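In what follows, a structure is listed as structure tokens, so that the remarks can point back to it.
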Amino acid sequence: MSNFEARNLTEGLNGVLGFRLIDWSDCFAQIEVGLDDRHKNRQGGLHGGVTATLIDATTGFCGVFEPVPGKRRGNVTVSLTTNFVGRAKTAKIICTAKTVRSGRRIYFASAEVHDSDGNLVATAEAVYAYVDRDAQRLPSSS
């Protein structure tokens, strides 16, 4: 692990779902989430949408690391392919993502989600386009 200081993600859906960025460096990110009732599907298991959102958040972070405080690069998801391969058997899941290749306009990332016992829950491949950080922000509703 790097010297990164873990922090809760508070913006948007990441905040609603309780995601915590636990490691972040160049071409790498890890986000964990403690599971509770809000993360369940109607059968009582982990909702696939939560897993996909966790993957999207983590692969998004891995390609936009910026070591300069206050500076941040923006991105948008172009493609996200998720493979659900097992079920979470613990109350916490962790997504680890790495940038596979990056260019001036896009980057490719891969990810794995494991539960806290190391059981594989999902794998993914993602493509992102770099954008102006504020390009996708929705206007405030007043």
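None of the figures in this text is laboratory data; all of them are computed from the coordinates on show. This one's a predicted model, so the numbers in the text were calculated from it and none came from an experiment. Backbone-built Cβ (ideal geometry, glycine too); neighbour counts: all protein chains shown.
Below, the figures for the structure above:
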item: Packing-based ranking, highest mean first, of 31-38, 119-126 given that Cβ atoms within 10 Å are counted; result: 119-126, 31-38
item: Segment residue 13-residue 41, length gained on full extension (0.36 nm per residue, minus Cα span); result: 8.4 nm
item: Highest to lowest packing among 103-112, 71-80, 10-19, 51-60, scored as the average C-beta count within 10 Å; result: 51-60, 103-112, 10-19, 71-80
item: Whole-percent pair-distance distribution, where bins are 10 Å wide, for the alpha carbons of the chain; result: 12, 42, 34, 11, 1
item: Sites residue 100 and residue 65, calculated FRET efficiency, Cβ-Cβ separation with R0 22 Å, nearest 0.05; result: 0.90
item: Degrees between helix 48-62 axis and first principal axis of the chain (Cα, 0 to 90, nearest 10); result: 30
item: FRET efficiency, 1/(1 + (r/R0)^6) with R0 22 Å, evaluated for residue 27 and residue 87 via beta carbons; result: 0.15
